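Working notes for the structure below.
The values are calculated or read from the model by the stated rules, or taken from the named source; none is laboratory data. Worth saying up front: this structure is predicted, and the values here are computed from it rather than measured. Every residue, glycine as well, gets a Cβ built from its backbone with ideal geometry; the counts of neighbours run over all protein chains shown. Just the protein is used for accessible areas: all its heavy atoms, side chains included, with ligands, DNA and RNA removed. Shrake-Rupley method; radii C 1.70, N 1.55, O 1.52, S 1.80 Å.
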Amino acid sequence: MGETEQFEALRLELRRGSLVLAALARLRTEQYGYSLRVALAEDGIEMEESTLYPLLRRLESQGLLTSEWREEDKRKKRFYRLSPDGEGVLRRLHEEWKRISASLERVL
């Protein structure tokens with residue numbers, strides 16, 4: 001494996017947990033999948049649909065999100081929002097993120 005391929009594999013590994021944290025944080029306010037993807041991209045966090053929708057389904061199955069189908073602009077859309085359990089998990093993950101980030105800054 002070349003350096004570029006190795007970097008890309010490690011970069012993806014590093015991003016994986018960050019995507020969960022970012023999605024949970026953005027879903028403190030209700031959004032549907034596409035609007036979430038756009039909001040994250042505006043924050044500098046690009047996510048393919050093939051990553052986003054399985055992530056949303058997994059987080060919902062874990063009880064961290066709630067969702068409901070509604071019609072908007074004559075189209076049915078599934079709206080997601082952080083559940084009460086999700087709010088607690090987000091708070092704890094954010095604290096952990098800050099601890100890890102501070103530790104890494106010291107190390108680096």
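Here is how the numbers come out for the structure above:
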quantity	calculated
In Å, descending, principal axis extents of the Cα set of the chain	50, 32, 24
Neighbour-limited loop hits for GluC sites (Glu not before Pro), the range 1-48 (at most 12 other Cβ within 10 Å; DSSP other than H, G, I, E, B)	GLU46, GLU48
Given charges at beta-carbon only (K, R positive; D, E negative), |dipole| of the chain in Debye	400 debye
Carbon/sulfur fraction of accessible area - the chain, other protein chains in place, 1.4 Å, %	51 percent
Residue-by-residue Karplus 3J(HN,Hα) for the range 72-88, coefficients 6.51, -1.76, 1.60, Hz, glycine and proline x	9, 6, 6, 10, 7, 9, 9, 9, 10, 8, 4, 7, x, 5, x, 4, x
The chain, accessible area per residue, ligands and nucleic acids excluded (1.4 Å, Å²)	73 Å²
Debye, to nearest 20: dipole size of the range 50-108, +1 on Lys, Arg Cβ, -1 on Asp, Glu Cβ	160 debye
FRET efficiency estimate (nearest 0.05) - Cβ-Cβ, ARG92 to SER50, R0 22 angstrom	0.20
Low-density loop cleavage sites - trypsin sites (Lys or Arg not before Pro) in the range 65-108, where at most 10 other Cβ are within 10 Å (DSSP)	LYS74
